[in-house]
Structures are given as C-alpha cells and as structure tokens.
2 protein chains.
Amino acid sequence: METLRVALGDRAYPIHIGAGLIDRADLYRPHIAGGGVAIVTSSVVAPLYLKTVRNALGAAAEVIVPDGEQAKSWQGVEQVVDALLAARLGRDGLVVALGGGVIGDLAGFAAAVYQRGVPFVQVPTTLLAQVDSSVGGKTAINHVRGKNMVGAFHQPIAVISDVAALDTLPDRELRSGIAEVIKHGVALDAAFVGWLETNIEKLLQRDRQALAYAVRRSCELKARIVAADEREAGERALLNFGHTFGHAIEAGAGYGAWLHGEAVAAGMVMAAELSALMGDLKKSEVGRVRELVRRAGLPIAAPALAPERLIELMALDKKAAKGRMRFVVLESIGRARLRADVDDAAVRRAIVAAVQ
Amino acid sequence: METLRVALGDRAYPIHIGAGLIDRADLYRPHIAGGGVAIVTSSVVAPLYLKTVRNALGAAAEVIVPDGEQAKSWQGVEQVVDALLAARLGRDGLVVALGGGVIGDLAGFAAAVYQRGVPFVQVPTTLLAQVDSSVGGKTAINHVRGKNMVGAFHQPIAVISDVAALDTLPDRELRSGIAEVIKHGVALDAAFVGWLETNIEKLLQRDRQALAYAVRRSCELKARIVAADEREAGERALLNFGHTFGHAIEAGAGYGAWLHGEAVAAGMVMAAELSALMGDLKKSEVGRVRELVRRAGLPIAAPALAPERLIELMALDKKAAKGRMRFVVLESIGRARLRADVDDAAVRRAIVAAVQ
C-alpha cells in the first residue's frame, strides 16, 4: 500500500492505494467518531462489496441508490439525506461513499449538506473514480439544464483506492478510466506519457502493479493542482483537457450513450488537433496522443456527430455559463495551457481532423 | 452608516448598518461582476422593497418564493436554483437575499450549492435577520425530521442592514427580533444589558438610532464569536442561549404558532432559572433577565406546555443528534458557558420556575 497526502491545510487528507484495501478495518477506524456510520452505494456495487465494507466498519447504516447517472438528482440527494436522518447520523458521523463517480458525487454532496456538512470517506470502485473523481472535493448532482449544476466543494477525509476491486469492472469502464489516466499524462507529465506508452497493455490486462502506479501517478498530478487551486480559479482548469469537446460529445450523443472517458478520449484527440492548428503543438505529438488513445481501445473521434452540432453544443455550454469559451490546449505533451482566443473555424477544423 | 467587518480571513465581509441603505447602488456595485444578478425574495417583501432594490442593482433576475418557513424546503431550493439557471446566472454571478431569516437561509443555501457556490449579499428586512441570522454564514432548509437539517456554511460577501426597512415590520416580529438582541447581551455583554434596560422602550418605538445601535452591537458580539469559531466547534454554541428550551417550545406548540424570538424569550427565562438552580447565577440576575423579556412584550414562560412534554421534545432533539445534551447557562449576566451535567429534574424545575 502507498499513501499520498493531498496538501489542503486543515482539509488535508490521505489517499491509500493498493490491492486488498477495501476490507481493511484499520484504514476506516481512524475516521469513525461517535456519530455513527452510513454507507452509500449503488444497486450494482452493493452485491459485490457492501457486505465486505460493512464487516470492516462494524455497525453501519446503508443506503442503496439506483445505478447510473440519474441517481445524481434532487431525488437522489433526498433519498440519501432521508436515510442519514432515519439512521440518526450525528454531526460527527461518517458517510462512506462506496462506488464509482456517481456515488462519490452524490454521497459527497449529501455529506456536504447534511447538517451543514459531515465527514466522508471515498471508496472508489471504478478506475475513473480512483484516478479522477475521488480526488479534489468536487461533488454535485445534475439538473435538466446541465450536468453538475448543483454541488459543493467538500473534501473527503480519506480515500481508499483498492485496485483489486477493479477486477469486477466491465472492460468498457476500465478503458473509460484509462482515458483520464492518459489525460493526466498528456496535460501535465510527459514522463508519465512515456510510461503509458510502454505499459498501456498491462493496464488493459489489469496488472495490479501497473494499475496501482497509474492510480498513484494520476492522484499525485491531480492532487498537486487541487492543492494549488482548490476552487478552480485558474490552474485547475487544465484538468479539463479534452473535456470541452467531450462534454459536447456526451450531450450530442445523448447522455449515457458514450461513457465519460470515451467522450474525453475523442475530445483529447480533437483538443490535440486544435493545439496543432493554433500553432502550439507539433503534428508528431498529436499523433502520439491519437495512438495512445487508439491503443487503449478508446474512440479517437465522434464521426456520427456533425462538427456544426458539436460547436452548437459547446456554444450552449458557453451561453449557460455567461462566460468566455476557453480551451485547454497543449504546448507540448505534458504541458497544457488555457487559450481564450480560439475561433469556431479552428474548432471545426480540429473536429474534422480528428476523424481523419 | 456604520460598517463592521466580520474577520474571517479570505471570507471576511462588511456589514453596513444605517437608515436608508436598501436603495444605495454604491453598496451593491462593488459586488457585481460579469455573471449577472438575481434577487431572491418573498411574496410579502416583494411588494415592499423589490422594485427599490432592483433599481439600485440595475438589471436583475427575480425569484419570489411563498412567504413563511415552508419555503425552506427542497422544493424551495429547486425553485430558486431553477430560476438561477433560467436566468443563466454565471459562476461569477451574484445572489441578493432580500427578506427575513427564511429568505436568508434559503437564498444563502441556494447560493452555496448553485454551480458549487456563488457569492451572495444579505439584505435583511427583519430585526431578527439583521441582528442574528444574516451574520455567520449558516444557511439551511428544513426536513420533516427537523429544522435546518440540510444546509451549508456559506458566508455572504456583504450584509446591508437598513433599519428604516424595519418600519414595515409587524410589531410581533419586531419584538421577536428584540429577543435575540437581549440574548446577545445576556449571554455575552453585561454593559449591553444595561443599555437595553435603559433603551428598551426606544427599540419598541422603532427609534432608528436605538435600532442601529442594537443591530451594530449584536452584530459585533456575534461576529466576534463567529470569527473565532466559524463552524460551531465550541464557543459559537454560546449563541444558543435559551435555544434548547426555545426549540422545544416551537416544536411543542406546532411550528409557526410561536415566533422564533418569542420561544427564545421564554427559553432564556427558563435557562436563567436553570442557571440559578445549578448554582451559577444569582436569583436577582434571573429577575433582571425576566424583567427585560417582560418589558419587551415577550413571553416569559410557556404555561400551556407541560414540563414533561418539553423535556420529551428536548430528549428527541438529543437523540436525533446522537449527542450529549448540553445547556448554555449563565455564570452572571453577560457570561454564558456550556454545561453537559444537567439532569432532567433540574430542567423540570427550571421550566416550572419560569411560569411563576
């Protein structure tokens, strides 16, 4: 087991990474005070890990929400809060979020607002959650007008990332998680991209050592940025590399048709193409991004979606936020930066280039 | 106009107090960035002040929620969030909470969770909100299982307290606000109690200078405690003097039958009696508390509620929180402290003594 610390002053917390951590009582115990414990999980994760985690925790209340993104709703939060109140969880109680990104977002938000905030521990059971959503304290639910429109910054008091729990993860979700691993490398760390180019097959074969390294390095990279910019005033936006395009793909295809990581994968290729068109990135480096995405079994483009439609969806996003449209582009592999001066013509050409 | 500052580091903010502030554009302008403005108010306050505030702000979206405590609900938050999204309020937008404690709690909570938090300005229009709920960053909605069970600590970026706006406040609500003014003195500042004993009639006659002083001194006292203990880990609990009894009275009478300040007033007399029974407070000082409450036209007891019923309700509260029952008692007027060693027999005797 390795333990990283996210340096956030009085909100600092450890991330434990290794195989076989999910049932280790010693990892949970330091975080249990007098106010009770409640596990929040999904109907898919519950049959796999709920009993194990409950045993490790001792007595705990349980909340099982329906699987999938639709749980990230007002009704989902109400279900969790009702259950926490029924279990009489106190202000020094503990919420354990057991599951993927949806559970982390939902249980984290419920913990953020329950009695004005109670501590929570993340136990991510998907690669996506282990490398990305469990780190950084962003919690949220969706609204018909947009994803993650209601939420809170609420840091967990610990993250327990068991790479052995990834054994039960469907292949497609594993690859979706690898997309965010690739993103961390491509946006922030050229050496990590080199490691990925050597080890991508090991990740796909669920080699635990390789997975643990990928999780650790991703968390290190993300944690460093979160520590410097917790509330995304600046640098943290670099973690959105590929996401402006990716969100448009997800929305255009209908939420749920593409997995988040799949959309980000194609979005990264588009963003790399855009970086080359803007004169920032060498063509050969675009090729490296594209090749890594391809080798991970992830989509490199969204050929069924017309460029005009994607641009329209990105513009909607922009309008909704009353903000400027900013793109994360690459200066080189491992060096991302924000550009606000990107016009639609360049975006269109980047989308077209990704398909080729 | 006087301006206090609440010393909360990077969350520090000013409280402006005076007559005729509500339409001063110069007080709002420094807080308006590019993301739009939305005013949240109630059906009772809207006809009185919405137009005035909108004029001072320039363009602003508006959300009018039904008057009363029932607006502090999931549906209330959804209504506000829906309206903010419909108005396309951005992450650098501003929410203006125009109204009493309910509006401050609801709009503040909506601002806390909208896009993971946007700034808000409090424009309290009741004395209770000016002296208490607008200071300190507690926001919340209610749940069938209890009041303020869901919420956030979200500090406003400014408070604009216009004592001239209290002209439209019903007498009973004015007195309810005076109860919290008395609480600040009795729990924290003997000199302020002396001032109140001299000036209580002026407050009841809505003398603006007296009101402005009472608001300022209450905010100073509360702000000092909030700055030292933002999340109520310790000292902030002293602000709950009279509230353990008061909450039981509110619940026992049925929410809405007693105003919050009325219940706190009777609760303070009970808490003072308890302090004397525990040997902390002189009998003569209990008399001063009782007399001040009486002169303010506030109830000194809840004769229709049996002591057993109040104790039962307090025990329920305790059970819900899985916590120890702690009472705020007085060592002397102006010096409150927490005691965890209070038994039911003493509580019962204190309730009975209050009626006499």
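Bear in mind these aren't lab numbers, they're just calculated from the coordinates by the rules spelled out. Values in this document were obtained by computation on a predicted structure and should not be read as measured data. Here the Cβ is made from the backbone with ideal geometry for all residues, glycine too, and neighbour counts use every protein chain on show.
Quick one: putting +1 on the C-beta of Lys and Arg, -1 on the C-beta of Asp and Glu, what dipole do you get for segment B:238-356 around its Cα centre, in Debye to the nearest 20?
220 debye
On a C-alpha basis, how far is the centre of segment B:63-108 from the centre of segment A:259-314 in Å? Whole number, if you could?
Taking the Cα centre of each part, segment B:63-108 and segment A:259-314 sit 40 Å apart.
Using 0.36 nm per residue, how much length does the chain from B:THR3 to B:LEU204 gain when fully extended, once their Cα-Cα distance is taken away?
Full extension from B:THR3 to B:LEU204 adds 70.0 nm.
For B:SER43 and B:GLU197, FRET efficiency with R0 = 35 Å and r from the beta-carbon atoms, rounded to 0.05?
After rounding to 0.05, the efficiency reads 0.40.
Might you report the magnitude of the Cβ-based charge dipole of the protein assembly as shown about its Cα centre, with Lys and Arg at +1 and Asp and Glu at -1, to the nearest 20 debye?
With Lys and Arg at +1 and Asp and Glu at -1, about 500 debye.
Quick one: label points 7 angstrom along Cα→Cβ at B:GLY117, distances to the other copies in nm, smallest first?
0.7
Multiply the residue separation of B:ARG294 and B:ASP343 by 0.36 nm, subtract the distance between their alpha-carbon atoms, and state the gained length in nm to one decimal.
Numbers: separation 49, 0.36 × 49 = 17.64 nm, distance 2.75 nm.
Here the segment from B:ARG294 to B:ASP343 would lengthen by 14.9 nm.
Relative to the first principal axis of the alpha-carbon coordinates of chain A, what is the inclination of helix A:307-320, with its axis defined by its Cα atoms, in degrees from 0 to 90 and to the nearest 10?
Approximately 50 degrees, to the nearest ten.
What residue among B:ARG54, B:ARG337, B:ARG11 shows peak mean-square fluctuation when chain B is described by a Gaussian network model with Cα springs under 10 Å?
Fluctuation is largest for B:ARG11.
Any chance you could give the angle, 0 to 90 degrees and rounded to 10, that helix B:243-253 forms with the longest Cα principal axis of chain B?
Here the helix axis deviates by roughly 80 degrees.
Could you identify which residue out of A:LEU27, A:LEU292, A:LEU310 has the top mean-square fluctuation in a GNM of chain A using Cα springs shorter than 10 Å?
Among A:LEU27, A:LEU292, A:LEU310, the largest mean-square fluctuation in the Gaussian network model of chain A belongs to A:LEU27.
Relative to the longest principal axis of chain B, what angle (0 to 90°, nearest 10) does the C-alpha long axis of helix B:101-113 take?
Computed tilt is about 60 degrees.
At 7 Å along Cα-to-Cβ for each site, give me the label-to-label distance between B:THR168 and A:ALA306 in nm.
5.2 nm
Quickly work out the A:THR52-to-A:ASN148 label distance, labels modelled 7 Å from Cα along the C-beta direction, and quote it in nm with one decimal.
The answer from the label model is 2.8 nm.
For segment B:26-159, what is the relative contact order in percent, using Cα pairs closer than 8 Å and at least 6 residues apart in sequence?
So the answer I get is 24 percent.
Could you tell me the convex hull volume per residue, in Å³, taken over the Cα atoms of segment B:230-271?
73 Å³
Inter-copy label distances at B:LYS202, 7 Å along the Cα→beta-carbon direction, one decimal in nm, shortest first?
In nanometres, ordered from closest: 7.8.
Using the Cα gyration tensor of segment B:163-285, with a ≥ b ≥ c the square roots of its eigenvalues, what is the shape: rounded (a/c below 1.5), prolate (a/b larger than b/c) or oblate (neither)?
Here segment B:163-285 falls in the rounded category.
Between segment A:196-245 and segment A:30-59, what's the alpha-carbon centroid distance in Å?
With segment A:196-245 and segment A:30-59 each reduced to a Cα centre, they are spaced 27 Å.
Calculate, in whole percent, how much of the Cα-Cα pair population of the protein assembly as shown lies beyond 48 Å.
Looking at the protein assembly as shown, the distances longer than 48 Å represent 23 percent of pairs.
Pairwise over distinct Cα atoms, reciprocal of the mean inverse distance: report the Kirkwood radius of chain A in Å, one decimal place.
20.4 Å
Suppose we keep just the DSSP beta bridges with both residues in chain B; what percent of those would be antiparallel, to 5?
In chain B, DSSP labels about 40 percent of beta bridges as antiparallel.
Among A:PRO170, A:THR198, A:PHE120, pick out the residue whose Cα is farthest towards the positive end of the charge dipole of segment A:100-207, where Lys and Arg carry +1 and Asp and Glu carry -1 on C-beta, about the Cα centre.
Working it through, the farthest residue towards the positive pole turns out to be A:PHE120.
Of A:GLU308, A:GLU250, A:GLU69, which is the most mobile in a GNM of chain A whose springs link Cα atoms less than 10 angstrom apart?
Comparing A:GLU308, A:GLU250, A:GLU69 in the GNM, the peak value goes to A:GLU308.
Karplus couplings for segment A:203-209 from phi (6.51 cos²θ - 1.76 cosθ + 1.60, θ = phi - 60°), rounded to Hz, Gly and Pro as x?
4, 5, 8, 6, 4, 5, 5
Using only alpha carbon pairs under 8 Å that are at least six residues apart, calculate the relative contact order of chain A and give it in whole percent. Spell out each step's value before the answer.
Values: 697 pairs, mean separation 53.1, N = 356.
15 percent.
Using only the Cα atoms of segment B:2-165, build the gyration tensor, take square roots of its eigenvalues as a ≥ b ≥ c, and label the shape rounded, prolate or oblate: rounded if a/c is under 1.5, else prolate if a/b is larger than b/c, else oblate.
Taking the square roots of the gyration eigenvalues as a ≥ b ≥ c, segment B:2-165 is rounded.
How compact and how long is segment B:93-133, expressed as Rg and Dmax of its alpha-carbon atoms in Å?
Expressed in Å, the Cα Rg and Dmax of segment B:93-133 come to 9.9, 31.
Can you list, shortest first in nanometers, how far B:ALA191 lies from the same residue in the other copies, with each label 7 Å from Cα toward Cβ?
Nearest to farthest, the other copies are at 6.1 nm.
Taking every DSSP beta bridge with both residues inside the protein assembly as shown, roughly what % is antiparallel (nearest 5)?
Numbers: 32 of 76 bridges.
Restricted to the protein assembly as shown, the bridges split so that about 40 percent are antiparallel.
Determine the dipole magnitude for segment A:2-167: charges of +1 sit on the beta-carbon of Lys and Arg, -1 on that of Asp and Glu, nothing else is charged, the reference point is the Cα centre, and the result goes in debye to the nearest 20.
Its charge dipole is roughly 380 debye.
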